[in-house]
Amino acid sequence: MNRIPVITIDGPTASGKGTVASRVAQTLGFALLDSGALYRLTALAATESGVDLGDEPGLVGIAAGLDIRFEGERILLSGREVSDAIRAEAVGVAASRIAILPGVRSALVDLQHGFRRAPGLVADGRDMGTVIFPDADLKVFLTASVEARADRRYKQLIGKGFPANMRALLQDLRDRDARDTERAVAPLKPAEGAHLLDTSDMTIEQAVEKVLGWYQSVPQ
Ligand code: CDP
């Protein structure tokens with residue numbers, strides 16, 4: 001059987017894993033799964049359809065029926081471009097609230113497995129190495145201090161033209177970390193055998209080099 005290799009990159013919000021995952025995928029010519037985008041898309045679609053963020057059956061229906069397309073950097077929801085809309089802080093907060101619901105998580109499993117295509121996949125999220133791709137060839141757990149993450153998120157939001165407030169961002173990161181690590185289903189934690197990477201004092205390039213180096217030393 002031809003196994004398709006997978007690299008998982010998990011970690012807390014704003015740790016830089018999205019950028020690292022995308023550069024690693026680009027360098028290796030692998031596909032990229034931004035699993036957080038799926039939770040964000042579900043949250044956005046639910047809000048737009050008037051489904052309450054506490055209505056699990058309603059949300060499961062939304063997640064199971066998502067009509068999405070990834071075209072390079074562009075993300076389309078029911079044919080409409082939502083690449084920027086899903087990055088709004090409010091959508092991130094809503095995504096993290098619905099991500100605690102087991103039904104929503106299960107509804108997104110097959111969709112995520114579908115991203116595993118030759119010649120390989122880089123999967124970015126919270127539970128890629130622990131739940132979705134437990135047989136991954138390389139598992140990375142990427143972290144950074146809460147201050148470094150708030151600073152990055154602040155610059156990212158301002159850069160996209162969204163309003164941002166440092167104190168509110170720090171509080172939001174702490175709340176989101178708590179929701180991600182303390183939830184009963186698929187909590188955020190390093191997978192067994194994961195390589196830990198603290199990027200607080202690292203550039204993106206250094207983090208990318210580190211991951212590529214680890215992947216090169218994986219026995220093929
Ligand atoms: O940009 P940020 O890291 O905050 O968020 P994201 O990676 O786009 O994911 C949005 C939310 O979805 C996160 O706050 C997580 O709570 C949730 N999520 C998850 O539960 N499992 C994943 N594999 C990916 C995201």
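Arg167 to Ile4: FRET efficiency via 1/(1 + (r/R0)^6), r the Cβ-Cβ distance, R0 45 Å, to the nearest 0.05?
Here the calculated transfer efficiency is 0.55.
Based on the Kirkwood radius over alpha-carbon pairs, what value in µm²/s does the Stokes-Einstein equation return for the translational diffusion coefficient of the stretch 106-220 at 4 °C and 1.567 mPa s?
80
Taking the solvent-accessible surface of protein heavy atoms with a 1.4 Å probe, what is the per residue accessible area of the chain in Å²? Intermediate results must be reported in sequence, preceding the final value.
Working: 10590 Å² over 220 residues.
In whole numbers, the chain has 48 Å² accessible per residue.
Are there any GluC sites (Glu not before Pro) in the stretch 128-220 that are in a DSSP loop and have at most 16 other Cβ atoms within 10 Å? List them by number. Walk me through the intermediate numbers first.
Details: sites: Glu147, Glu182, Glu192, Glu205, Glu209; in loops: Glu192.
Those satisfying the criteria are Glu192.
Return the distance in nm (one decimal) between the two label points of a simple spin-label model at Asp175 and Ser217, each offset 7 Å from Cα along Cα→Cβ.
Spacing of the two 7 Å Cα→Cβ label points: 4.1 nm.
Out of Gln26, Val60, Leu76, whose Cα points farthest toward the positive end of the dipole of the chain (charges: +1 Lys, Arg; -1 Asp, Glu; placed on Cβ)?
With unit charges placed on the Cβ atoms, the residue in question is Gln26.
Need the list of lysines near Lys160 for cross-linking: C-alpha distance under 24 angstrom, and skip anything on the same chain fewer than eight residues off.
Cα-Cα hits under 24 Å: Lys17.
With unit charges on the beta carbon (Lys/Arg positive, Asp/Glu negative), name the residue among Ala186, Pro134, Phe162 whose Cα is farthest towards the positive pole of the charge dipole of the stretch 132-186.
Going by the charge dipole, the pick is Phe162.
Under a point spin-label approximation (7 Å from Cα along Cα-to-Cβ), what is the Arg74-Thr19 distance to one decimal in nm?
2.5
With only alpha-carbon atoms in the gyration tensor, what are the semi-axes of the equivalent ellipsoid for the chain, in Å, largest first? Show your work: numbers first, answer last.
Details: eigenvalues 128, 93, 55 Å².
With the √(5λ) rule applied to the chain, the semi-axes are 25, 22, 17 Å.
For Glu192 and Tyr154, compute 0.36 nm times the residue count separating them, minus their Cα-Cα distance, and round to one decimal in nm.
Difference between extended and current length: 10.5 nm.
Counting alpha carbon pairs within less than 8 Å and at least 6 residues apart, what relative contact order, in whole percent, applies to the stretch 6-213?
Reported relative contact order: 34 percent.
Just the number, please: carbon plus sulfur as a percent of the accessible area of the stretch 6-213, 1.4 Å probe, no ligands or DNA/RNA counted.
53
Can you tell me the dipole magnitude for the stretch 6-213 around its Cα centre, using point charges on the Cβ only (Lys, Arg +1; Asp, Glu -1), in Debye to the nearest 20? Mind showing how you got there, number by number?
Details: 25 positive and 29 negative charges, 46 e Å.
In total the dipole reaches around 220 debye.
Restricting to bridges with both residues inside the chain, how much of the DSSP beta-bridge set is antiparallel, in percent to the nearest 5?
Looking only at bridges with both residues in the chain, the antiparallel portion is about 25 percent.
Which residue, Arg80, Arg174, Arg117, has the most motion in a Gaussian network model of the chain that connects Cα atoms within less than 10 Å?
Highest fluctuation of the listed residues: Arg80.
With r as the distance between the Cβ atoms of Asp55 and Ser106 and R0 = 22 Å, compute the FRET efficiency 1/(1 + (r/R0)^6) and round to 0.05.
0.85
I'd like to compare 149-160, 89-100: which one has the highest average count of other Cβ atoms within 10 Å, and what's the full order after that?
89-100, 149-160
The values are calculated or read from the model by the stated rules, or taken from the named source; none is laboratory data. These numbers come from a predicted model, not from an experiment. Glycine also receives a Cβ, built like all others from the backbone with ideal geometry; neighbour counts cover every protein chain displayed. Heavy atoms of the whole protein, side chains included, go into the accessibility calculation; ligands, DNA and RNA do not. Shrake-Rupley method; radii C 1.70, N 1.55, O 1.52, S 1.80 Å.
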